[in-house]
Amino acid sequence: MTEDNQRPMGGKAVANKRSAAVIKYTVLTLLLLTMCFGVGIGGGYVAIQLYKPSTVVDRSAVSDESAIVGAQRSDVTDVVDKVGASVVSIITTSQRKTLFADQVEQGAGSGIILTSDGWILTNKHVVSDSGQLSVITSDGTKYDKVKVAGTDPLNDLAFLKVSDVKTFKPATLGDSSAVRVGQGVLAIGNSLGEFQNTVTNGIISGTGRPIYAQDDGDVETLTDLLQTDAAINPGNSGGPLVNLSGQVIGVNTAIAEDAQSIGFSIPINSAKGIIKHLKKTGKIERAYLGINYISINPEVADKYTLPVKVGAYVFSEKGDSVIAGSPAEKAGIKSKDIIVKVGNLKVGDKGSVASLVSEYATGETVEITLLRGGEEKTVRVTLVTYGG
């Protein structure tokens, strides 16, 4: 046997041995890896148990943006379903004489149902100078027996009564003093006088806004308004501004024509005193305190050297600060007093004195907290009817 013949044999034998060694090495390696893997798992388990976080995040439970948007849309549709039937369209018809003929003019607005028997809240400017009024409910039913039962002498609010009705769905009124800038809102109304129950959405852009509102040349000063970027169009006046719980927090009343997405609503709390009295007596009467005042801000505080930056300074440069014979005078309120609270609500933070007083009905008694000479005093005032 030559070496050449032996080499193949020896090589093959070596090869077989090497194969066995490789197999053996592989087995040992797998055993070691298995042991290491087991130790790793065990160590990891121990580490997890020793250093387990208090909060475990389940990624499958985290909502994506689409789900959030879907939930928001569901909220909006739920609100519309809840409030829509409590919003009416108002059609006004009037005649105006011209040199050549009588001209018939029509106008449109919106309203909020207050009671099942036909009381409706709207804007004063919607129904002023109207000869004939009609109300159309969300289901398209038209009512022609409608009259203006009364108006708020100090605000752009009017109250209508529809005759022979027992089935109206009243709106739920919210608390406008709890409104926060940035919260979501919806406006519902008869946009442009032809698109009934149009819904627009937005946020509260500001609170406590004062404006001069103009309508056919008449200018009215409105204060403590809610500002919103929810689109308010002609015909929306008198309709509700609602929160995402379906509660009315404002009565849409004006827009800034030279701006984009700036509309204004009267806080619903400004109407609550009249509404309370209306439901109790059937009469439209506004509670009256009887003072002239200046709303305090840092500039006013500096000008009159006042000790506070918010509140109401009982003072008038053109007339009486406290009206003679008024509830305020009878309660002992004096010129240069600073009113800081009406009831348990702070003036400035929750509204002006006029707005806070308007939450009370005629004949009710309210506590007024004021500062006089650096000392805090509380007086009780029994409110009477404005002009009565």
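With respect to S205, determine if the residue is within 21 Å of the chain's Cα centre (by Cα), in a loop (DSSP other than H, G, I, E, B) and among the polar types (S, T, N, Q). Considered against the rule, which asks whether it is within 21 Å of the chain's Cα centre (by Cα), in a loop (DSSP other than H, G, I, E, B) and among the polar types (S, T, N, Q), S205 comes out as no. Look at (1) surrounded by fewer than 23 Cβ atoms within 10 Å (Cβ to Cβ); (2) farther than 26 Å from Y360 by Cβ and you find that T172 fails only one, number (2).
Rundown of residues vs (1) under 22 Å from the mean Cα position of the chain (by Cα); (2) of a type outside the set (F, W, Y); (3) closer than 30 Å to I291 by Cα; (4) surrounded by 12 or more Cβ atoms within 10 Å (Cβ to Cβ), yes/no style:
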residue	(1), (2), (3), (4)
G84	yes, yes, no, yes
V88	yes, yes, no, yes
T92	no, yes, no, yes
H125	no, yes, yes, yes
D129	no, yes, no, no
D139	no, yes, no, no
D152	no, yes, yes, yes
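Looking across the stretch 229-244, the residues that are in a strand (DSSP E or B) and out of contact with any Gly (no Cβ under 6 Å at 6 or more places or on another chain) come down to P240, V242.
Of all the listed residues (F168, F159), the sole one being at pLDDT 90 or above, touching a strand residue (DSSP E or B) at 6+ places or on another chain (Cβ under 8 Å) and part of a loop (DSSP other than H, G, I, E, B) is F168. Per the conditions (1) under 25 Å from N269 (Cα atoms); (2) touching a residue at least 24 places away in the same chain (Cβ under 8 Å); (3) surrounded by 17 or more Cβ atoms within 10 Å (Cβ to Cβ), the sole criterion not satisfied by I294 is (2).
Within the stretch 175-206, restricting attention to residues that are of a type in the set (S, T, N, Q) and touching a residue at least 60 places away in the same chain (Cβ under 8 Å), the residue that is surrounded by the fewest Cβ atoms within 10 Å (Cβ to Cβ) is Q183.
Looking at the stretch 321-373 only, could you name the residues that are in a strand (DSSP E or B), of a type outside the set (A, V, I, L, M, F, W, C) and within 22 Å of D152 (Cβ to Cβ)? Answer for the stretch 321-373, where residues must be in a strand (DSSP E or B), of a type outside the set (A, V, I, L, M, F, W, C) and within 22 Å of D152 (Cβ to Cβ): just T365.
The values are calculated or read from the model by the stated rules, or taken from the named source; none is laboratory data. Here the structure is a predicted model, which is why all the values come from computation and not from measurement. In this analysis, Cβ positions are derived from the backbone assuming ideal geometry, glycine residues included, and neighbour counts consider all displayed protein chains.
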